[in-house]
Each structure stands twice: as structure tokens, then as C-alpha cells.
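Structure, as C-alpha cells:
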Amino acid sequence: MVDGPPLRIVYFGTPAFAVPTLRALIQSPHRVVALVSQPDRPKGRGHRVAATPTKELAVLCGVPVLQPTRLREDAFLAQVAALQPDLGVVAAYGRILPDALLGVPRLGMINVHASLLPKYRGAAPVHRAVMAGDEVTGVTIMRVVAELDAGPMLATAARPIAPDETSEAVERGLAEAGARLLLDVVDRLARGPVAETPQDDARATYAPKLLKTESPVDWSLPARTIHNRVRGLQPWPMASTTIDGARGLIHRTAISDGGTDAQPGTVVEAGGDVLAVAAGDGMVLRILEIQPEGRRPMSVREFLSGRKLTPGILLGRA
């Protein structure tokens, strides 16, 4: 509940992660005076230009949309200033905001970041947390400063990561948690100053954006590490391997109880619902769901139907 006057908010966000926070602000007593989204881009096999997820919601709700190509242009800065925003809110906008823009809102800008800062500053905090096998992550509301994700923190909320949970599922959960947390902070800012806790820079870690080169599975790694990479590289670039020279995207895996002395990458069992592969630590990783390149995801039983996959072959060979 807002005791102070409703705030005029300019919202910076682009992908699906930013939608729950935008929706929460639109439904709140505060007023979203504009959405700033990255430009629409070609999407899918047909490469048709599609609206960003936040733009779709903004248009539906009658919120003005700005999609600048350059944030430092005087015309764009004047547009934002003319809105007379009290506060800027950022959630996965996708670009660094220049100092000239940070100073426009009366109360500055705050950001919804999908990690427990100072851990995982950067572009891919959820994916990196899952790939590292972390059991807990969270969301932080922080003040936006010139240095990347280094501003003081206004609020945090933790969230467990289940052993088989993918980065997509974790990100969806954090998006909803971040929306609730952000709205509480905005309500408090409307009433007056909110305590801000500086980050401990000595404990900061970085979460660089994902690269396509991270997709191929290195079967010499431990089974748990491979399993975590399968979970964390979703929905892009996806963990992949080659089977008889054909590339496949691995959607789900499980670690078997038994071990093996087979060479890493060797198929140790193939039949029915089982496609089991030797990992680098002597453990066995079962592939549960796979997507042959250019086709849809399928169960191992469906994948093996009509394929003669002999135990002993090595995966990952061209």
C-alpha cells in the first residue's frame, strides 16, 4: 500500500524476464509513463520482425513505448526528461545506461538483478548459477550506477535451485519474485528514503553472457558438471553432442547410480528408455530428452526407435 504520492516511472526492460515487473507496476497505484525497450528484431525461422515481450504488454495496456537505437542522443534524453519521471526502473534492458540518462529521474534509477549480489554481476547470472551447481540464488534490487551491477542494494530475496531445475525455470521464478520485491521497494521510496547497503566489491564475481562455443559437451568433465551445464545452457545455446556424426541438442539428463571404466563419451547402454554415456569421473550420465538438429525434442525411446546405436561408440566426434 502506498502512503506517499504515486510515482511517475519510466521502465527500461526488454525480454520475458522484465514482463512480470512491468505488469506489477502497471497494476499498482504508480504510473508507468513510458516503456523503453530495445528495438524489435527478426525472430524465428521466418526472420519476421517481432515486438519485444515488454512492448507487447505495454501496447496492450496503453503505455507509450520508446525504442531508441542510441541512448545518448539528445532527442531521446529530451523525450525522457519531458516525461518528468520520479523514478527509473530497469530489468534486463540489455544495454548500459549512460550517466546523462541516470540523472534524469528525480529519485534516480533502480534495477532488478537476478542474483544475490555481489555474486554474478553481468549478463547471465541465472545461467551461470545453474551451471555452477549452486543450490541457492535470488534477486537483488539495487541502485543503478555507472559501474556494471555495482550499485548499493535496497532489498534481496533468496530462492532455492532444485537439482534438476533448468535456468529457464529458475529465471521464471526469479522474474516473479523480483516483481514483488521491486514493487515493495517502489512503495517504500514513495514514502521516503530507503536504506541502501553497499556491495562488498571484494566478493564480486562476474557472469559473462553465454557463447555458442559453450554448447558442445566435453565428456571428460564429471557427470555432475555436464548435468549442470545441460540445465544451465537453456534455452540457448543448449548443450549439444554428435551421435554418429549428427548433432543433437540435449534437453534433460540424469546421473546414474552406477559407475564405469569406459572412455569418457562412450555409450555404455542404448535401448528402450536408456541412453547412458560415460563421463570423465567414471560416473554414467543418462540422456533423457534429446533434439536432433532441425527436429523437435523427443524422448530417448523415440530417438532410439529406428536407430541402431551400438554400445561402445563415442559421442562428440564429427
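Quick one: count up the residues across segment 129-171 that are open to solvent by less than 20 Å² (accessible area, probe 1.4 Å), in a loop (DSSP other than H, G, I, E, B) and over 27 Å from Pro98 (Cβ atoms).
Residues flagged as open to solvent by less than 20 Å² (accessible area, probe 1.4 Å), in a loop (DSSP other than H, G, I, E, B) and over 27 Å from Pro98 (Cβ atoms) within segment 129-171 amount to 1.
Out of the residues in segment 300-315 that are open to solvent by 40 Å² or more (accessible area, probe 1.4 Å) and assigned to a helix (DSSP H, G or I), which is nearest to Gly258 (Cα to Cα)?
Residue satisfying both the conditions and the ranking: Arg301.
Pick out, from segment 198-299, the strands (runs of 3 or more DSSP E) lying fully within it that include 1 or more residues that are polar (S, T, N, Q).
Ranges flagged: 239-243, 246-259, 283-292.
How about segment 1-14: which of its residues are crowded, with 17+ Cβ neighbours inside 10 Å and either under 22 Å from Glu171 (Cα atoms) or at pLDDT below 95 (or both)?
Tyr11, Phe12, Gly13, Thr14, listed by residue number.
Taking the criterion of being under 15 Å from the mean Cα position of the chain (by Cα) and of a type in the set (Lys, Arg), would at least one residue in segment 135-144 satisfy it?
no
Given (1) within 14 Å of Val217 (Cβ to Cβ); (2) in contact with a Lys or Arg (Cβ under 6 Å, 6 or more places away or on another chain), identify the lone condition not met by Gly265.
Answer for Gly265: the failing condition is (2).
Step by step: first the residues of segment 15-74, then only those that are assigned to a strand (DSSP E or B) and in contact with a helix residue (DSSP H, G or I) (Cβ under 8 Å, 6 or more places away or on another chain), then the one that is most open to solvent (accessible area, probe 1.4 Å). Which residue is that?
Val65
Can you tell which of Leu174, Leu116, Leu183 is open to solvent by less than 30 Å² (accessible area, probe 1.4 Å) and either within 30 Å of Arg252 (Cα to Cα) or touching a helix residue (DSSP H, G or I) at 6+ places or on another chain (Cβ under 7 Å) (or both)?
Within the list Leu174, Leu116, Leu183, the selection yields Leu174.
What are the pairs with Cβ atoms under 7 angstrom where one residue, in segment 20-43, is within 26 Å of Leu77 (Cα to Cα) and touching a residue at least 12 places away in the same chain (Cβ under 8 Å) and the other, located anywhere, is of a type in the set (Val, Ile, Thr) and open to solvent by 80 Å² or more (accessible area, probe 1.4 Å)? Sequence gap at least six, or different chains.
Pro39/Thr69; Asp40/Val49
Scanning for something acidic (Asp, Glu), closer than 19 Å to Asp164 by Cβ and either modelled with pLDDT of 95 or more or open to solvent by 60 Å² or more (accessible area, probe 1.4 Å) (or both), does segment 237-251 turn up at least one residue?
Within segment 237-251 (the criterion being acidic (Asp, Glu), closer than 19 Å to Asp164 by Cβ and either modelled with pLDDT of 95 or more or open to solvent by 60 Å² or more (accessible area, probe 1.4 Å) (or both)), the answer is no, since none of the residues qualifies.
Quick check on this structure: which one of Arg231, Arg180, Arg224 is more than 16 Å from Gly133 (Cβ to Cβ) and modelled with pLDDT of 95 or more?
Arg180
Would you pick out the residues in segment 287-299 that are surrounded by fewer than 19 Cβ atoms within 10 Å (Cβ to Cβ) and under 12 Å from Ile250 (Cα atoms)?
The answer is Leu288, Glu289, Gln291, Pro292, Glu293, Arg296, Pro297, Met298, Ser299.
For Pro264, are the conditions met, namely being more than 26 Å from the chain's Cα centre (by Cα) and surrounded by 19 or more Cβ atoms within 10 Å (Cβ to Cβ)?
Yes: the conditions hold for Pro264.
Of all residues in segment 84-97, how many are under 22 Å from Lys209 (Cβ atoms) and open to solvent by 10 Å² or more (accessible area, probe 1.4 Å)?
The total comes to 6.
Test Val10 against the stated conditions and say whether it is assigned to a strand (DSSP E or B), over 24 Å from the mean Cα position of the chain (by Cα) and within 19 Å of Gly62 (Cβ to Cβ).
no
The values are calculated or read from the model by the stated rules, or taken from the named source; none is laboratory data. Being a predicted model, the structure only gives us computed values, none of them experimental. Neighbour counts are summed over all protein chains in view; Cβ atoms, including those assigned to glycine, are modelled from backbone coordinates with ideal geometry. The area values use the complete protein model at the heavy-atom level, side chains included, leaving out ligands, DNA and RNA. Shrake-Rupley method; radii C 1.70, N 1.55, O 1.52, S 1.80 Å.
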